[in-house]
1. Under a no-solvent Debye model with one identical scatterer per Cα of the protein assembly as shown, what's log10 I(q)/I(0) at q = 0.11, 0.13, 0.14, 0.18 Å⁻¹?
2. In region B:1-100, if every C-alpha pair distance is counted and binned at 5 Å from zero, what percent goes to each bin?
3. Could you work out how far apart the two model spin labels at residue A:65 and residue B:17 are, taking each label as a point 7 Å from the Cα in the direction of the beta carbon, and quote it in nm?
4. At a cut-off of 50 Å², which residues of region A:55-104 become less accessible once all protein chains are present than in their chain alone, using a 1.4 Å probe?
5. What whole number of Å gives the distance from the Cα centroid of region A:64-79 to the Cα centroid of region B:15-47?
6. Quick one: accessible area per residue over chain B, 1.4 Å probe, rounded to a whole number of Å²?
7. Starting from the Cα-Cα distance between residue B:44 and residue B:73, subtract it from 0.36 nm times their residue separation and give me the gain in nm to one decimal.
8. Quick one: with all protein chains in place, what share of the accessible area of chain B is carbon or sulfur, to the nearest percent (1.4 Å probe)?
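The values are calculated or read from the model by the stated rules, or taken from the named source; none is laboratory data. These numbers were taken from a predicted model, which means no experiment stands behind them. All Cβ positions, even for glycine, are placed from backbone atoms using ideal geometry, and neighbour counts span all protein chains on display. Side chains are part of the model used for accessible areas, which takes the heavy atoms of the whole protein and leaves out ligands, DNA and RNA. Shrake-Rupley method; radii C 1.70, N 1.55, O 1.52, S 1.80 Å.
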Amino acid sequence: DAGITQSPRYKITETGRQVTLMCHQTWSHSYMFWYRQDLGHGLRLIYYSAAADITDKGEVPDGYVVSRSKTENFPLTLESATRSQTSVYFCASSVSRAYNEQFFGPGTRLTVL
Amino acid sequence: AQKVTQAQTEISVVEKEDVTLDCVYETRDTTYYLFWYKQPPSGELVFLIRRNSFDEQNEISGRYSWNFQKSTSSFNFTITASQVVDSAVYFCALSEGQGGSEKLVFGKGTKLTVNP
């Protein structure tokens, strides 16, 4: 089906482990985004990408790494997971800059023990 | 500094009541874009509306309406005759600059519960 998908939907890991969250979109949107959602903080931007091989930091990038070798994929890696990274992670995409609506994936609930 | 403020953390109403969700924003740009998103209990965020800073016309879509007032930097969202299916978290968001910005800044959200 067309759209934006995230995998896994749920993940439990341990402190210090590396975790990669996957995001895939079928619209060929230029822009892709990663957010985390925490109670009391709303959604905060972690990283975004304007096109393949172009990425930039958002509001809370520390502890995260992204890459974008193909337009349709935008994986987010936690190199050494910490408990503070327990959160719900949303991937989004948009046709162009943020004055166009962003389309969100279903989210990944990550728990770091 | 927080640029989008949704002062109402939670609102609870009874079905068929009207309810208004407040959004106050802060920006130095003359060109900007405002958004509302809905996050139902299923978790996915759904786009509801986009408004640019040059268009202060109110908009109505079915039971939903939006009131944009630059004088008070507000972009409020009203649901008329609320229904249980309207129960969700609603987010207001801001994108600054001509042509928009890569960064969409969200408010912390208002959780709306509509009771039968």
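1. Log10 I(q)/I(0), no solvent term: -0.56, -0.77, -0.89, -1.34.
2. Percent of Cα pairs in each bin: 3, 12, 24, 25, 19, 11, 5, 2, 0.
3. 5.1 nm
4. A:97, A:98, A:99, A:101, A:104
5. 28 Å
6. Numbers: 5750 Å² over 116 residues.
Per-residue accessible area for chain B comes out at 50 Å².
7. Working: separation 29, 0.36 × 29 = 10.44 nm, distance 2.76 nm.
So the extension gain works out to 7.7 nm.
8. Working: 2660 of 5750 Å².
Carbon and sulfur atoms account for 46 percent of the accessible area of chain B.
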